[in-house]
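The values are calculated or read from the model by the stated rules, or taken from the named source; none is laboratory data. Note that the structure is a prediction, hence the values are computed from the model and not measured. When we count neighbours, we look across all protein chains shown, and the Cβ atoms used for this are built from the backbone with ideal geometry, even at glycine.
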Amino acid sequence: MSDAAANPLKAGLEDVVVSTSDICFIDGHKGRLLYRGFDVDDLVAQSTFEEVTYLLWYGKLPSRKELDAHVKALSSTANRKLPPKLITMLRQLPKKTTPMEVLRTGVSALSAFDPDAADNSREATLRKSIRLTAQMPTLVAAWERIRRGKPVVAPNPKLSLSGNFLYMMTGKKPTELATKTFDVALILHADHEFNASTFAARVTAATLSDVHSGVVSGIGALKGPLHGGANEQVMLMVQKIKDPAKADAWIRQALADKARIMGFGHRVYRVEDPRAKHLKRLALELGQQAGSTVNIQILDIMAGVVSAAKHIFPNVDLYSGAAYASMGISTDQFTPIFAMSRVAGWAAHILEQHGNNRLIRPRSDYTGATDAKYVPLAER
Ligand SMILES: CC(C)(COP(=O)(O)OP(=O)(O)OC[C@H]1O[C@@H](n2cnc3c(N)ncnc32)[C@H](O)[C@@H]1OP(=O)(O)O)[C@@H](O)C(=O)NCCC(=O)NCCS
């Protein structure tokens, strides 16, 4: 049919390599994840989300001076605050608008206020990436307050990105454990090679479109339940099961019904996702502090049954929601939180794509008609 017909079709682009990249490496058989060569286990133990954004964007760990300047830029009120007109715009949205819809709309609107909107140079894209990473937590928290009829909390430049987000959500300074847990969750979600949302962001960037457009594409792709939306679905499932004593039978029935169990399986990992163990540990610590580990008990029973029965293992989305729920965060905010972190990866990939660009334009294996005869409307 076409030149493309000579190439074997790979459904879902499974294992298809579309580009070189220096940003992220996944070993799906050993369960390893590296950002710029650094094992994510080491970053979780020693780094911060702010430092990880520097690593992803600039390709190296910062010096003390570089890190201080970077943290200052990410924390400044000028970069964190939302334009008042955007807050007015948010107030016009129906209260039932989901946080992910608000984030997609809000990020798109932020480009209208961005002084560098029309500039696609590397320097301007870095400035916009800093602003977007600083603004997205404010946007997520502002909607949480608006939809609950509460006053919007202004960002506090003295707090880390994680601490400030939890503060803007609740109006109260978060505990050290909550801040640390949240920061680790952000580190773990910051990048993941050519996942669907990052690929979407790169496809958009490859048309020489701008970083806001790439991030909006990423948010749209992340929203679906087969990708970032899975963490919300996991918690809805746990809320349905409610009682650990019922978890075993519930999950066996779901498997017998051939249901797709959210929070399990992965296109690349053939073993447990290396991020899951960290989130499980933190969710357990937070649950113990909050006085209930029921959610973790249910998830553990599910993990045992699903792994043994299907040989598919927990992914990043299985335990993150339990950690967020222990902090009092609403279930439908889990995926926006994922986006607040993944914006770091999207921006890194957009910068890399722009640095060595070629339009991404694959082919389809055409299976439609080839000799259709046009029948005028009046004769149909
Ligand atoms: C992540 C995911 C989309 C990867 O999908 P994929 O690589 O396209 O794999 P497939 O959907 O082709 O699944 C391969 C097989 O495993 C099964 N499978 C994969 N994930 C499964 C899950 N979570 N629950 C039940 N069965 C699953 C499929 O039914 C299929 O079985 P079959 O060959 O007997 O039909 C998939 O594992 C999934 O839907 N997981 C749940 C959603 C989720 O947690 N997403 C977040 C990912 S980080």
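When you look at Ala308, is it within 16 Å of the ligand (Cβ to nearest atom), among the hydrophobic types (A, V, I, L, M, F, W, C) and surrounded by fewer than 21 Cβ atoms within 10 Å (Cβ to Cβ), yes or no? Yes: the conditions hold for Ala308. Note on the stretch 332-365: residues that are at pLDDT 95 or above and of a type in the set (Ser, Thr, Tyr) total 2.
Among residues of the stretch 185-219 being away from the ligand (no atom under 16 Å from the Cβ) and of a type in the set (Gly, Ala, Ser), the one that is surrounded by the most Cβ atoms within 10 Å (Cβ to Cβ) is Ala201.
Taking the criterion of being farther than 18 Å from Pro157 by Cβ and surrounded by 15 or more Cβ atoms within 10 Å (Cβ to Cβ), the residues of the stretch 60-71 that qualify are Leu61, Pro62.
When Ile360 is tested against (1) more than 26 Å from the chain's Cα centre (by Cα); (2) part of a loop (DSSP other than H, G, I, E, B), just one condition goes unmet, and that condition is (1). If you go through the stretch 38-65 one residue at a time, how many are assigned to a helix (DSSP H, G or I) and touching a helix residue (DSSP H, G or I) at 6+ places or on another chain (Cβ under 7 Å)? The number of residues fulfilling the criteria is 11. Scanning the stretch 20-37 for residues being without any contact (Cβ under 8 Å) to a residue 24 or more places away in the chain and surrounded by fewer than 16 Cβ atoms within 10 Å (Cβ to Cβ) gives a total of 3.
For the residues Ile241, Ile261, Ile301, Ile296, the requirement of being among the β-branched types (Val, Ile, Thr), within 24 Å of the chain's Cα centre (by Cα), over 25 Å from Asp27 (Cβ atoms) and not assigned by TED's automatic domain parsing to the domain that holds Asp39 singles out Ile296.
To keep it simple, each residue is scored yes or no on (1) within 17 Å of Ala190 (Cα to Cα); (2) polar (S, T, N, Q); (3) assigned by TED's automatic domain parsing to the domain that holds Leu159.
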| residue | (1), (2), (3) |
| --- | --- |
| Val17 | no, no, no |
| His29 | no, no, yes |
| Leu34 | yes, no, yes |
| Asp42 | yes, no, yes |
| Ala45 | yes, no, yes |
| Glu50 | yes, no, yes |
| Tyr54 | yes, no, yes |
| Leu82 | no, no, yes |
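Scanning the stretch 245-270 for residues that are surrounded by fewer than 17 Cβ atoms within 10 Å (Cβ to Cβ) and more than 26 Å from Leu103 (Cβ to Cβ) gives Ala245, Lys246, Asp248, Ala249, Arg252, Gln253, Leu255, Ala256, Asp257, Lys258, Ala259, Arg270.
The residue list Leu103, Leu67, Leu90 contains one member that is in contact with a Leu (Cβ under 9 Å, 6 or more places away or on another chain), free of Cβ contacts under 8 Å to residues at least 60 places away in the same chain and within 14 Å of Met136 (Cβ to Cβ), which is Leu90.
Considering only residues in the stretch 271-282 that are in contact (Cβ under 8 Å) with a residue 24 or more places away in the chain and either away from the ligand (no atom under 16 Å from the Cβ) or among the acidic types (Asp, Glu) (or both), the one that is surrounded by the most Cβ atoms within 10 Å (Cβ to Cβ) turns out to be Asp273. Among the residues of the stretch 294-305, the ones that are surrounded by 20 or more Cβ atoms within 10 Å (Cβ to Cβ) and away from the ligand (no atom under 14 Å from the Cβ) come to 3 in all.
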